[in-house]
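Report on one structure; see the data block that follows.
Read-outs throughout are calculated quantities, based only on the coordinates presented, and are distinct from any laboratory measurement. Note that the structure is predicted; figures quoted are calculated from it, not measured. No Cβ is skipped: glycine too gets one built from the backbone with ideal geometry, and neighbour counts run over all protein chains shown.
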Amino acid sequence: MIFKKFNIENKKARDLIPQAITVLALLSVIIYFATNAQINMGNRGISFGFGFLNQEASFDITFSMIEYDGSHSYGRAFLVGLLNTILVSVIGIFFATIMGVVVGISRLSDNYLIAKVAEWYVEIFRNIPLILQIFFWYFAALRALPLPENGISFYDISFLTIKGWYVPKFIWTNFNIFLLSVIAAFIAIYFINSYATKQREQFGKQLPTTTISLATLIILPLITFLLLGVSLTFEYPVLKQLSPTVFTYAGGVSIIPELIALALALSMYTATFIAENVRAGILGVGKGQKEAAASIGLNKNQILKLVVMPQALRIIIPPTTNQYLNLTKNSSLAAAIAYPDIVLVFAGTALMQTGRAIEIISITMLTYLTLSISISIFMNWYNKKMAIKEK
Amino acid sequence: MNLIAKPSKDNIKTYVPVGLSLVSLSILDVFVYAFFNFNLMGFLPSQLSYFLPLILGFIGFYLIRIEFSGVRSLDVLNKNINSNNFNALLTLFTIFIIIKSIPPMLDWFILEANFVGNSKDDCTGDGACWVFIKVWFNRFMYGLYPDAEQWRINTAFLILFAVVGVSFFVSEKLKKYFILFLVFVFPFLGIKLISGGSFGLEYVESAAWGGLSLTFIISAFAILFCFPIGVILALGRRSSLPAIKYISIGFIELWRGVPLITVLFMSAVMFPMFLPDGTFIDKLIRVLIAITLFEAAYMAEVVRGGLQALPKGQYEAAKSLGMGYWRMNALIILPQALKLVIPGIANTLLALVKDTPLIFVVGLMELAGMIGLAKTNPKWLGMAMEGYVFAGLVFWVICYAMSRYSQNLEKKLSTER
C-alpha cells in the first residue's frame, strides 16, 4: 500500500525499495554490533583472533577418545569435544533406529496388546522434555546402581556400577588386515548384489542374496583369523582395591555414566519420533500395492521386501534423517550432566578460561551448522535420486 | 503323530475350557508370584517352575485358537491377541511383564511411599518420599518469588483462565475483542503485575522468578512472538525479491542449524559483547529473544509447507480480484495455509514448551531447574527420583493435553475439499 503512493509503474524500481531497506537495516545492525564488540573487546584488552587455539589448554577432560591432557592445545580440546559429540550421536542414532523401527512396526501389529504398549511408549516418551529424561537417567536411575565392590556382574566379564559400565577391552593383533577383509567383504557384497539385480531383471532369476552376503561377511574375516595372523584377545576389568573403602576396576574399558545416561535418553526420545515416521511410511503404501503384489503370486516376505519397503522407505527416510540431525543437535544437552561434548568442553570450559566469547561461540555454532547443512545437502541429493521418476 | 487333533470347531467343547483354564492358570501363577511372592508351582524344579507359566499359556493359547468358532468373543480374542504362535508368545510376554512391573511400581508410588511429614526424616518407607514434593511445592511452582507476593502470579493466571473461559461462551462478535485483549493487552498487563515496580506493587526482579509459572510465562511470550515472526519469515522465503528471499533463507537456516543450548549460551555470554558498554538487558528478556528467534525459524518452515501446498489458483484468484500482496496473504492465503499446517504448528509449540527447561544454561530456574536446586539442598539429598518423576508427570500432562487439543482442533477446522 505504501508503494501505491509512489505510483511507480516500473516494477524493477518498485521492487528495489523494500529490498534496499531490508539490506540497509541488516547492514546497520551488523555494523552497530561490530563496532560495539570492537569497543568492548578493546576495553577488556583482548583482540579478535583464533591464535588462542594453539595455546596450552591446561584443563583435563574426563573422557576422551584420543590422547589428551592439560598440556595439549585448545584446538586439541575442541577435537576431543567434537569426537565425543560424534560418539554419543552415533550410539544414539544406532539404538534409536532399532527401537524406532521395532516400536513403529509394533504400533501396526495386529496384536492389540503389543500395539497399545507401543502406542503408550510413544505417547509417554515423546511428551516429556528430553532434558528431564536425561536428568532422570543420570541423577535418579543410574545413581541407584551399586558401588564398584558389589557391581552387577555379567558372567564376570562386564560390570555395571555407579561409576560406569566396565566392559572388556579388545586387543587386536594385525587389526589392519582384519579391517581390510571387512572392507573387501563389503565390496564383494556390492558386486554380488548388482550381479543378482542384473540376473533378476534379465532372466527373472532370484538369487539368495541375503544368505550369500551374510556368508561373505562372516567367511572373509574368518579367513584372516585362520590364515593371516589376525588374533583378538580380551582384557577383562578386574576389581582393584585403592584404599580400605575405595574400590575400582582396572583394565577393560570404562563407559562413563554420563555417556550411558545421554545415549539412553537420546535414543529412547528420538525412537518415538522415528517410530511415528516408520508407521506413517508403512501406512502410506496403498493397500492396492499389497493386493496387486499378492495377486501376481508374491509371498508375504517378497511383498514386504520388494513392494512395500521400497515405497515406504521413500516416505520414511527424509523425516528420519531430520530426526538424526535433531538427535545430534540434542546431544548438546550433554552440558547439563557434564558429559564432555563440544558444548561443555569448548563453549563451557575453554570459554571461561579464555574469555573469547565471540570466537568460541562462533566456532561451536559453525561446527553444528556445517553438520546440519552437509546433511541437508545430502538429503536433497538423496530425495532427488529416490523421487518417483514419472514418465 | 496324530495324538492331539488340531483345534477345530469339532472339538471346541473340550479344547476351549482346557485352553482357557491353562491360560488363566499361567497368568494366575505369575500374578500370585508378583503380588504375594508365593510360587504356586514351587514344588517343581526351579528351572521348570520358572518357564512353566510360559509353556502352559502357550499350550492354552494354541488350544483355543479355533478359526471361525462361531463364538463371537472367542473369535475377537483370537483375532486380536492370538492370531498365530508368535503373537501368542508376544501376548504372554507382554501380560507377564505388565503384571511383574505393577507391584514394584505400586509399592514405590503409593504403598511404601510417605505422604505426611515436614522433613526427610519422616520418610521411613522404601518407596517415594512425596513429602519432598509437598514441602518444596511452593518453590516448584513459583521459584524464589517472595511468598507474600505470590498472589500476583495467581491473579495473573486467574485472569487468563477467566478470560479464556468466558470467551468460550460469548458471541462471535465479542470473541474477537477477547482475543485481541488476550494477544495485545493481557501479556503486558500480566508481566507488569508479576514484575511490579508501579501501582504500589513491590518490584520483584526476574532472577527471582522461577518454577512452573516461569515455564508458562516463557512459553506464552515465546509463542506470542514467534508466530508472527515465523509467518513473516515464511513469506520472506517465498518472496520474489531476491534480497529478502536470501536474507530469510539465511536467517532460517542459521537458527535451524544450531542447537538451542548454543543459542542460549550466545545470549548469555556473546550478546552482551555486542551492546554498548554499560547497557544491560535483563537475563529473562535475552532468553526470551533467543527462544523466540530460534522457534520462529522452525515455525517459518512449517508455515512455508502450508504456503507451498496451496494451489496456484488461490494466488491468481486473489490477484484477479485486485488484491495487493498483503491483502492477498492476510485474507486468502494465510488462513488456508495455516489451517493446513495445524499439526506442524502444534508440534513446534510443543517443542517450544519442552525446550523451556534449557534456560538453566543462563541460570534461570523453571520447574526442572528448581528440582535440581532442591535435590542438592543438604537436608534433602537423594530425592532426585521423586523430583524428576514429578516434573516428568507435570510436563507430560501439559504436553499430552496440548497434543490432544491440536488433534481436536485439526478435526474441527478440517474442511472438505
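Tabulated data for the structure shown
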| quantity | calculated |
| --- | --- |
| Mean separation of Cα contacts under 8 Å, 6 or more apart, over the residue count of the stretch A:110-165: relative contact order % | 21 |
| Under 26 Å from the Cα of A:K198 - lysines, other chains or at least 8 residues apart | A:K290, A:K300, A:K305, A:K384, A:K385, A:K389, A:K391 |
| Loop GluC sites (Glu not before Pro), the stretch A:26-133, which have at most 15 other Cβ atoms in a 10 Å radius of their Cβ (DSSP) | A:E67 |
| Sites B:I281 and B:T124, calculated FRET efficiency, Cβ-Cβ separation with R0 45 Å, nearest 0.05 | 0.35 |
| Per-residue HN-Hα couplings for the stretch B:102-112 [Karplus 6.51, -1.76, 1.60; θ = phi - 60°; Hz; x = Gly/Pro] | 5, x, x, 5, 4, 4, 5, 6, 10, 4, 9 |
| Whole-angstrom gap from the stretch B:11-87 to the stretch B:330-362, using each part's C-alpha centre | 48 |
| Chymotrypsin sites (Phe, Trp or Tyr not before Pro) lying in DSSP loop within the stretch B:198-258, provided at most 14 other Cβ fall within 10 Å | B:F199, B:Y203 |
| Selected from A:W172, A:W120, A:W137 as most flexible by GNM, with chain A as the system and alpha-carbon contacts under 10 Å | A:W172 |
| For chain B, built as a Gaussian network whose Cα springs stay under 10 Å, the top-fluctuating residue of B:L264, B:L182, B:L331 | B:L331 |
| Gap separating the Cα centres of the stretch A:312-342 and the stretch B:152-201, nearest whole Å | 38 |
| Cα long-axis angle, helix B:150-167 against chain B (0 to 90 degrees, to the nearest 10) | 80 |
| Test item: Cα-centred dipole of the protein assembly as shown, Lys/Arg +1 and Asp/Glu -1 on Cβ, debye | 3260 |
| Any cysteine of the protein assembly as shown lacking a neighbouring Cys Cβ under 4.7 Å - listed by number | B:C226, B:C399 |
| Alpha-carbon centroids, the stretch B:268-328 and the stretch B:380-408: separation in whole Å | 30 |
| Cross-link reach list, aspartates and glutamates versus B:K354, counting only Cα pairs under 16 Å and skipping chain neighbours closer than eight places | A:E123, B:E295, B:E366 |
| Over the stretch A:170-235, relative contact order from alpha-carbon pairs under 8 Å, at least 6 apart, % | 61 |
| Distance in nm between pseudo-label sites at B:I55 and A:F50 (7 Å out along the Cβ direction from Cα) | 6.8 |
| Cα centre as origin, Lys/Arg/Asp/Glu Cβ charges: chain B dipole, Debye | 1580 |
| For chain A, calculated [θ]222 nm from helices alone, where every DSSP H run of n ≥ 4 adds -39500 (n - 2.57) | -20500 deg cm²/dmol |
| Kyte-Doolittle mean at least 1.6 and Cα axial length at least 27 Å: DSSP H helices in chain A | A:74-107 |
| Cleavage-rule hits (chymotrypsin sites (Phe, Trp or Tyr not before Pro)) in the stretch B:47-102: DSSP loop, at most 14 neighbouring Cβ within 10 angstrom | B:F68 |
| Rounded tilt (10° steps) of B:186-195 against the dominant C-alpha axis of chain B | 90 |
| Using alpha-carbon coordinates, inclination of helix B:242-257 to the longest axis of chain B, degrees | 40 |
| Nearest-0.05 FRET efficiency for B:E205 and B:L20, computed from C-beta distance (R0 51 Å) | 0.15 |
| Distance-filtered residues of the stretch B:46-90 - backbone nitrogen under 16 Å, label point 7 angstrom along B:K9 Cα→Cβ | B:65-76 |
